[in-house]
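A.B. asks: This structure is in structure tokens; I'll ask about it shortly.
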Amino acid sequence: MIMSKRGAGIRFPPPLIFVGWGVLGWSGQRLMGLEAWTLPAAAALAVAGVLFLTGVVLVASAIRQFREAETPPEPWKPTTAITDRGPYARTRNPMYLGMACIHLAVAIGSQDTGILLGLIAAVLTIDRLVVRREEAYLLDRFGEPYSMYRANVPRWL
């Protein structure tokens, strides 16, 4: 895997990966004529609301940790520090986990199977094309300190 001195070599902003797969899933549901779920609307909206807020809090707190460490949160820019506080003490990918929560909230709130399937595709894409590149870059850039962090903090949960 070729690493750039300018960053992990991420080609697409990760939020666009989630949005893209969500739109494809939503479109696919309509093209295939799949039926919407039949969850009670109040329950679906309550669960969606909790997931959405959880996702927003995860993303915002992760960005705050990057700002405090004075390193850019954008994965295509060079990383200057390992961020291991706040949500990064529990998961190596709180921003992506937060984005997944928001995506799941939209799927549940809209009761849309296509959007839910899009979440699976988005998480697989993020894991294979973003997280693995980032981790290889961070290991190359920081060596043993990142290796120790990776050994102690799970990738997702």
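The values are calculated or read from the model by the stated rules, or taken from the named source; none is laboratory data. Quantities reported herein were computed from a predicted structural model and do not represent experimental measurements. No Cβ is skipped: glycine too gets one built from the backbone with ideal geometry, and neighbour counts run over all protein chains shown.
A.B. asks: Please work out which one of (1) within 23 Å of residue 152 (Cα to Cα); (2) more than 12 Å from the chain's Cα centre (by Cα) is the condition residue 62 fails and give its number.
C.D. replies: The failed condition is (2).
A.B. asks: Only one of (1) at pLDDT 95 or above; (2) closer than 21 Å to residue 18 by Cβ; (3) not in a loop (DSSP other than H, G, I, E, B) fails for residue 91. Which number is that?
C.D. replies: Answer for residue 91: the failing condition is (3).
A.B. asks: Under 7 Å between Cβ atoms, at least 6 apart or on separate chains: pull out the pairs that start in the stretch 26-52 with a residue that is under 17 Å from residue 121 (Cβ atoms) and end on any residue that is assigned to a helix (DSSP H, G or I).
C.D. replies: From the stretch 26-52, the pairs are 26/114; 26/115; 28/114; 29/113; 29/114; 34/113; 34/114.
A.B. asks: Taking interchain pairs and intrachain pairs at least six residues apart, which have beta carbon atoms under 6 angstrom, with the first residue in the stretch 140-157 and without any contact (Cβ under 8 Å) to a residue 40 or more places away in the chain and the second assigned to a helix (DSSP H, G or I) and not acidic (Asp, Glu)?
C.D. replies: none
A.B. asks: Oh, and also: Among the residues of the stretch 95-145, how many are among the β-branched types (Val, Ile, Thr) and within 20 Å of residue 77 (Cβ to Cβ)?
C.D. replies: Number of matching residues: 3.
A.B. asks: Confirm whether residue 41 is buried (at least 21 other Cβ atoms within 10 Å of the Cβ) and modelled with pLDDT under 95.
C.D. replies: Taking the combined requirement at face value, the residue does not satisfy it.
A.B. asks: Here's another thing I want to ask about it. For residue 120, only one of the following conditions fails: (1) of a type in the set (A, V, I, L, M); (2) surrounded by fewer than 17 Cβ atoms within 10 Å (Cβ to Cβ); (3) in contact (Cβ under 8 Å) with a residue 24 or more places away in the chain. What is its number?
C.D. replies: (3)
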